[in-house]
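Enquirer: Starting off with a structure, shown below.
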Amino acid sequence: MAETIELSAPDGHRFSAYQAQPPGTPRGALVIIQEIFGITQHMRDVADQYAAQGYTSIVPAMFDRVRPGIVLDYSQMQQGVETMMQLKPSQTLLDIGAAVDAAATAGRKTGVVGYCWGGTMAYVAACRLPISAAVSYYGGRILQYADRKPRCPVMYHFGEQDQSIPMGTVEKVRELHPEGIFHTYPAGHGFNCNARASYEPESARLAFERSLEFLRTHVG
């Protein structure tokens with residue numbers, strides 16, 4: 001079952017979120033953190049994919065702080081970056097935290113899975129929020145927060161052909177956080193999204209299987 005819900009951050013900001021529930025008793029909960037395009041159909045599909053595996057999945061609409069309901073086409077990269085730059089990381093973390101609180105009801109362990117901008121924020125969440133695990137897909141700004149140490153296990157997925165995240169950057173992240181689980185793929189940025197030209201189905205399948213095994217170990 002999927003529905004749109006409303007959440008409230010500690011600073012009083014109210015925002016929407018997409019929530020997908022599993023068919024039976026949840027094994028755990030996940031917060032899915034969006035790319036710079038808003039809650040696209042792909043983000044909804046990811047939530048549905050994890051819900052089918054037994055996880056209550058919530059996708060908070062982080063762009064609601066700029067304007068409610070922003071959803072961009074993948075060709076609107078610059079507009080997505082400009083929208084993201086209007087947000088303070090502290091505000092984004094408040095919204096992710098509110099989603100974590102909502103997901104963690106009934107004592108369920110909660111993990112975070114993020115993509116692109118969301119991949120970076122999944123790392124930040126692992127450093128700052130009470131979560132059990134985090135999965136970061138092609139988080140290009142992680143080095144900006146490299147002075148912070150994750151408080152929970154983190155799995156990282158990167159594309160070896162990603163023009164925006166050189167493999168040298170990936171190696172720097174690995175050197176700073178050798179406790180992390182790192183996987184690279186013969187693919188470019190956004191390889192998990194079937195609505196983008198960079199979609200690489202075999203890499204997406206393998207990354208999901210690895211993520212699912214990781215989450216089953218640490219979340220439920």
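Here, each number is a calculation from the coordinates, and none is a lab measurement. Everything quoted here is computed from the prediction, not taken from an experiment. A quick note on method: Cβ atoms are made from the backbone with ideal geometry, for glycine too, and the neighbour counts reach across all protein chains shown.
Enquirer: Which semi-axis lengths, in whole Å and largest first, follow from the square roots of five times the eigenvalues of the Cα gyration tensor of region 88-168?
Expert: Values for region 88-168, descending: 23, 13, 11 Å.
Enquirer: Among 74-86, 158-170, how do they line up from the highest to the lowest mean number of other beta-carbon atoms within 10 Å?
Expert: Values: 74-86: 14.0, 158-170: 16.5.
Per-residue mean Cβ counts within 10 Å order the peptides as 158-170, 74-86.
Enquirer: Calculated FRET efficiency, GLU175 and SER75, Cβ-Cβ r, R0 35 Å, to nearest 0.05?
Expert: Between GLU175 and SER75 the formula returns 0.50.
Enquirer: Provide the FRET efficiency to the nearest 0.05 for the THR25-TYR199 pair, computing r from the beta carbons and using R0 = 45 Å.
Expert: Numbers: r = 33 Å, r/R0 = 0.73.
That gives a FRET efficiency of 0.85.
Enquirer: While we're here: Which net charge results when you count Lys and Arg as +1 and Asp and Glu as -1 among the other residues whose beta-carbon is under 9 Å from that of GLY28?
Expert: Working: positive: ARG27, ARG108, LYS109, ARG216; negative: none.
Summing Lys and Arg as +1 and Asp and Glu as -1 gives +4.
Enquirer: Separate question: Compute the label zone of GLN144 within region 89-133: residues whose backbone N is under 14 Å from the point 7 Å along Cα-to-Cβ.
Expert: 89-93, 116-125
Enquirer: Now, a different point. Can you give me the distance in nm between label points at GLN41 and LEU212, each placed 7 Å from the Cα along the Cα-to-Cβ direction?
Expert: For the pair GLN41/LEU212, the computed spacing is 2.2 nm.
Enquirer: Here is a follow-up. Answer with a single label: of (1) 61, 36, 33; (2) 40, 37, 34; (3) 62, 47, 38, which was calculated as Cα extents along the principal axes in Å from the structure in view?
Expert: After the calculation, the listed value that fits is (2).
Enquirer: Ok, one more. Where does region 91-220 land on Rg/Rh, using Cα atoms and the Kirkwood Rh?
Expert: Rg divided by Rh gives 0.95.
Enquirer: THR184 to GLN163: extension gain in nm, 0.36 nm per residue of separation minus the Cα-Cα distance? Please report the intermediate quantities before stating the final value.
Expert: Details: separation 21, 0.36 × 21 = 7.56 nm, distance 1.37 nm.
Value of the extension gain: 6.2 nm.
Enquirer: Output the antiparallel fraction of DSSP beta bridges having both residues in the chain, as a percent to the nearest 5.
Expert: 35 percent
Enquirer: Taking springs between alpha-carbon atoms closer than 10 angstrom, which of ARG67, ARG210, ARG27 fluctuates most in the Gaussian network model of the chain?
Expert: In this elastic network of the chain, the residue with the biggest mean-square fluctuation among ARG67, ARG210, ARG27 is ARG67.
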